[in-house]
1. Restricting attention to segment 526-543, and to residues there that are in contact (Cβ under 8 Å) with a residue 24 or more places away in the chain and within 32 Å of the chain's Cα centre (by Cα), which single residue is farthest from residue 516 (Cα to Cα)?
2. Using beta carbons and a limit of 8 Å, which pairs, at least six apart or on different chains, have the first residue in segment 544-557 and closer than 14 Å to residue 589 by Cα and the second one small (Gly, Ala, Ser) and surrounded by fewer than 24 Cβ atoms within 10 Å (Cβ to Cβ)?
3. Being of a type outside the set (Phe, Trp, Tyr) and more than 25 Å from residue 440 (Cα to Cα) is true for just one of 541, 471. Which residue is that?
4. Working carefully through the options 76, 117, find the one that is of a type outside the set (S, T, N, Q) and without any contact (Cβ under 8 Å) to a residue 24 or more places away in the chain.
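The values are calculated or read from the model by the stated rules, or taken from the named source; none is laboratory data. This is a predicted model, so every value here is computed, not measured. Because the Cβ atoms are built from the backbone with ideal geometry, glycine has one as well, and the counts that use them run over all protein chains shown.
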Amino acid sequence: MALNPNHRKLRRTYLAVWWVCVVLRLQAGPAETVPAGELQASPSDQRVEQVVEAARSDGWAAAAPGLRTAAFEAYATGNLESARAWLNLARWAALLGEPETSAVETWIHGIESAGLAHPNLPRSYEIRRGVALSARLSPAAQAGLAGDPAFLDAFFAQLSPFDYPPGVLTILGRLHDGDPDDFRAYRNLAIAIAVVHDTAPPPWWPHGQVSPAALPRKWPDALATFRFFVAQDRAGRCYQPLKRLGADELKFVVDAAAPFDELTWAQKVVDEPLAHLDKVYSMVPYRVERLQTGRAVWPGDHYSLPLILGRGGICVDQAYFACEVGKARGVPTLLFMGAGMDGRHAWFGYLDGDGRWRLDAGRYAEQRLVTGRAIDPQTWGWMTDHEIRFLSERFQRLASTRRSRIQSDFARAFLDSGDDRRAVDAAEDALRSEDRNLAAWQVLLDASRRRGDPPAATEVILGRACHAFRRYPDLESRFNDLLVASLRARGETSRADHMQAEFIRAYGGRRADLAIREAALKLASHFDRRDLVSQIGDYNRVVDRYGPDGGAVLFDQVVRVFVEHLVLKGRIPEARRALERARAVMHVVPETPLAMDFDALERRVRATP
């Protein structure tokens with residue numbers, strides 16, 4: 001059966017679909033009762049052996065209902081750690097029991113709904129009907145991983161609905177069977193490789209300014225990758241002990257784009273210690289003539305670390321070089337791109353010796369780069385430096401946060417098993433433990449939507465979430481946007497405008513990028529409900545307010561969008577005046593990347609009849 005990941009039929013809620021498919025497997029078949037005495041502890045070795053033995057004859061799906069019931073009963077006793085272990089085993093049984101056909105269909109709908117499908121994915125997938133995902137693992141791997149609670153805990157903490165299930169399990173099986181002892185010692189490394197190498201990387205990874213011919217977007221063999229990094233760690237060549245890192249950190253190591261021989265070369269040539277890894281960025285000479293002539297794409301037919309160091313490059317090449325040097329030493333690194341005063345810039349971030357992300361290596365202070373964006377190698381979506389800081393904050397490692405995560409996991413499981421009341425109760429418990437739990441807020445919103453609550457009730461939840469994330473503007477803005485959209489949808493336009501204005505006032509000084517984004521959303525909302533004169537007045541006010549410091553952010557989100565809107569309306573004179581006003585107010589310096597963007601847009605406007 002061939003399944004196409006690039007068809008256009010979307011699903012409404014990708015995460016809900018993914019969870020429902022897992023829960024359907026959990027609910028299938030009769031539930032075997034687990035004695036209450038067993039629920040005070042994690043599943044025993046004997047219990048796991050019984051589950052594995054039964055799965056050999058009856059299939060993994062048959063084991064899932066009883067394990068799920070045991071998990072729910074363990075949760076009711078208040079013993080969260082043992083309940084989590086039972087739930088993980090139930091989820092493992094459900095995953096292995098899932099038919100490949102439904103698993104891949106759900107995955108395709110998920111990545112399309114989230115806009116994560118990309119050209120390098122296969123045009124179709126050949127899936128065997130009637131075959132469960134367990135076929136991707138040897139019997140030894142099925143049993144070994146089921147009996148490793150540390151693996152199950154780390155695996156389900158990392159697994160996302162955007163991971164390709166057959167690919168993930170195939171890689172895990174190969175790594176486990178290749179050397180079970182090494183797998184247990186480096187289980188987080190194995191998980192990271194599985195969730196990153198499960199699909200081909202997109203053409204814009206690690207950045208879009210090098211051709212596929214010069215840098216093929218292909219992964220090396222997964223087992224070879226595992227053995228390479230294990231060998232580097234055991235030889236003492238890694239600045240970060242790989243056994244201490246989580247899969248959520250190691251995924252920024254195993255996404256190395258440079259081949260192993262180049263990584264080995266980097267270890268020999270670059271000797272900057274971890275404390276000074278930021279200096280690697282400036283080791284690459286900056287070729288200003290490429291900027292001056294507009295040659296943003298690497299000009300050679302081969303893209304390698306030795307060539308970059310020898311020939312020099314622009315900021316994106318400097319950032320790539322530094323990232324790969326860090327990965328060669330087992331250091332999680334990210335390549336950031338962002339908009340500044342006079343154009344766009346690239347820099348890198350890395351995990352330092354204290355386990356904190358340093359996200360400003362090569363970041364020019366004078367550029368006023370408010371937000372950097374990096375590619376998440378697990379999902380191929382974008383993440384910001386502010387989100388990464390949030391995920392690495394100290395509270396994320398507290399016992400209260402772990403308790404909250406367990407409670408929100410059960411909230412989701414209750415919701416998808418049809419028990420809305422227990423789902424809401426567990427989500428509220430999770431928020432009492434730690435109110436910065438995004439998953440718990442999502443359960444409350446999903447439960448409200450499924451119950452058919454009136455919009456005002458959902459808006460109360462969104463308002464509470466905004467308050468919980470008031471110290472995190474990027475996260476607050478997500479919930480604020482949903483709240484504003486809900487108000488507009490039911491005709492509360494004045495309240496929606498007021499909320500956007502309040503958000504802009506709150507963050508306009510310290511987070512101009514968010515303020516500009518909100519102003520752009522408000523401006524766009526007026527396109528169909530205000531006359532052109534009023535729209536131009538709104539545009540002029542935004543440009544006048546943010547123009548002097550708005551840079552490429554203002555150009556991308558306001559100037560370009562509004563000028564193209566006028567062109568589509570056939571208002572060419574107004575489009576030219578809007579562009580001229582922005583160029584003057586923003587003090588665009590000639591021959592900068594921002595000036596080139598203005599010039600390109602101006603040529604398009606002039607070419608329009």
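1. 527
2. The qualifying pairs are 549/512; 550/512; 551/340; 551/343; 552/340; 552/343.
3. 541
4. When all the criteria are applied, what remains is 76.
Rundown of residues vs (1) within 19 Å of residue 287 (Cβ to Cβ); (2) at pLDDT 95 or above, yes/no style:
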position	(1), (2)
320	yes, yes
323	yes, yes
360	no, no
364	yes, no
368	no, no
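Okay, residues lined up against (1) touching a helix residue (DSSP H, G or I) at 6+ places or on another chain (Cβ under 8 Å); (2) at negative phi; (3) buried (at least 18 other Cβ atoms within 10 Å of the Cβ); (4) outside the structural domain of residue 296 (by TED's automatic domain parsing):
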position	(1), (2), (3), (4)
201	no, yes, yes, yes
213	no, yes, no, yes
239	yes, yes, yes, no
243	yes, yes, no, no
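Rundown of residues vs (1) surrounded by fewer than 20 Cβ atoms within 10 Å (Cβ to Cβ); (2) in contact with a Cys (Cβ under 7 Å, 6 or more places away or on another chain); (3) among the acidic types (Asp, Glu), yes/no style:
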{"site": "66", "(1), (2), (3)": "no, no, no"}
{"site": "73", "(1), (2), (3)": "yes, no, yes"}
{"site": "100", "(1), (2), (3)": "no, no, yes"}
{"site": "105", "(1), (2), (3)": "yes, no, yes"}
{"site": "135", "(1), (2), (3)": "yes, no, no"}
{"site": "138", "(1), (2), (3)": "yes, no, no"}
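Residue-wise test of (1) farther than 29 Å from residue 591 by Cβ; (2) surrounded by 20 or more Cβ atoms within 10 Å (Cβ to Cβ).
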{"site": "293", "(1), (2)": "no, no"}
{"site": "300", "(1), (2)": "no, no"}
{"site": "312", "(1), (2)": "no, no"}
{"site": "318", "(1), (2)": "no, yes"}
{"site": "328", "(1), (2)": "yes, yes"}
{"site": "332", "(1), (2)": "yes, yes"}
